[in-house]
Amino acid sequence: MDNFMQMTKELGHKPELLRLRALDATYDDALEGKLVVAPIDMNEPGKKILDSGTADGTWLRGVRSKQSAQHHYFGSDVEGELFPEDTDGITYFAHSFKDPWPQQYLGTFDLVHIRGSMAGSAPEGPAPVIKNLTTLLKSGGWVQLMEMNGFSAPKNGPAMTDFAKMASEMFTGIGVGDFANNNKSLLEEAGLVNVQEKRVIVNLGKKAKPEFQEISIHGVTGPIVPLTSVARTVPTSFTSEQFDTLPSRVKEELQTEGGQVEMVIAFGQKA
Ligand SMILES: C[S@@+](CC[C@H](N)C(=O)[O-])C[C@H]1O[C@@H](n2cnc3c(N)ncnc32)[C@H](O)[C@@H]1O
């Protein structure tokens, strides 16, 4: 995924952060505002919550905005430059989820969350990252993972079908495989209990509510150019011309007929 990060860097971080916020609003709507799916009593104050691969902390701020109780929020990302200048009470630290976690955080968290970042586990894949995440949990704490299902995507028009195909071939090529659908069993293999999965359909473009139509198109089409640039580096069934035309085809299809993606949320608890 280095190629993806390099490209979004060259474009400047701002467009990528705006895109992530657009997508966050779309997910928030699909989840009916329930960003924390793991059964944690958020009314009990003092929970310790980490979002790894947080970018600018959008998910953390979204979670915090819905709570009446006070909690401790932490965000980490391999790209420390994405953190907001005004940390607004959230503790940020630069860290790759592939590396051992800082000693002071081990065994201390009630919830550790990753969304849309697991492709960054290449080339080793998500299993060691998930195992590593569990070291952060206190007894009774939860890991929650949310990723797009590119391998058995909802039925869509030809452009969105090609987008899912491109994503799945690219994920296979970089060595992370079908992580969205595998996360549940990986949480079990990492020794967590009460492991569950929730699937949510996210409507895009013309299929979305009026206020989410434009932002959902932006949220999904934004990363297609960088994603195709990663896909070009591994064996796939796509020609160079098909990669070139994919972003505009997806945009047009979402504007004219809309589309859907399925997000898979897997969560499990430390005994
Ligand atoms: C598509 S963005 C998702 C951001 C955020 N989680 C969200 O849902 O809005 C992927 C993020 O994962 C981060 N990332 C990639 N590889 C990582 C790694 N090895 N460790 C930590 N973060 C990583 C990237 O820097 C980027 O901010």
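Every read-out reported here was derived from the displayed coordinates using simple, explicitly stated rules and does not represent laboratory data. Note that this is a predicted model, so its numbers are computed, not measured. Note that we place each Cβ from the backbone using ideal geometry, even for glycine, and neighbour counts take in every protein chain shown.
In a Gaussian network model over the chain where Cα atoms closer than 10 Å are linked, find which of V234, V129, V250 has the largest mean-square fluctuation. The residue with the greatest mean-square fluctuation here is V234. Considering only T245, T54, T236, the mean-square fluctuation computed in a Gaussian network model of the chain, springs between alpha carbons under 10 angstrom, is largest for T245. Here the gap between E241 and A94, fully extended at 0.36 nm per residue and compared with their Cα-Cα distance, gives a gain of 49.2 nm. A Cα-only calculation for the range 2-269 places Rg and Dmax at 17.9, 54 Å.
Each label was represented as a point 7 Å from its Cα along the Cα-to-Cβ direction; for K155 and R199 these points are 1.4 nm apart. Each helix, a run of at least 4 DSSP H residues, gives -39500 (n - 2.57); summed and divided by the residues of the chain, these come to -12500 deg cm²/dmol at 222 nm.
Beta bridges per DSSP, both residues in the chain: antiparallel share near 45 percent. Across the cross-link table entries K98/K207; K47/K209; K155/K184; K165/K270; K131/K207, which are compared at the Cα atoms, the separations over 27 Å belong to K98/K207; K47/K209; K165/K270; K131/K207. Amide H contacts for G141 (H built 1.01 Å from N in the peptide plane; partners 5 or more residues away or on another chain; cut-off under 5 Å): K270.
The separation of the range 120-166 from the range 18-79, counted between C-alpha centres, amounts to 17 Å. Note the angle between two axes, namely the Cα long axis of helix 13-30 and the longest principal axis of the Cα atoms of the chain, as a number of degrees from 0 to 90, rounded to the nearest 10. Rounded to the nearest ten degrees, it is 80.
Under a GNM of the chain (C-alpha, springs under 10 Å), which listed residue has the highest mean-square fluctuation: S76, S240, S185? Looking only at S76, S240, S185, the largest GNM fluctuation is found for S240.
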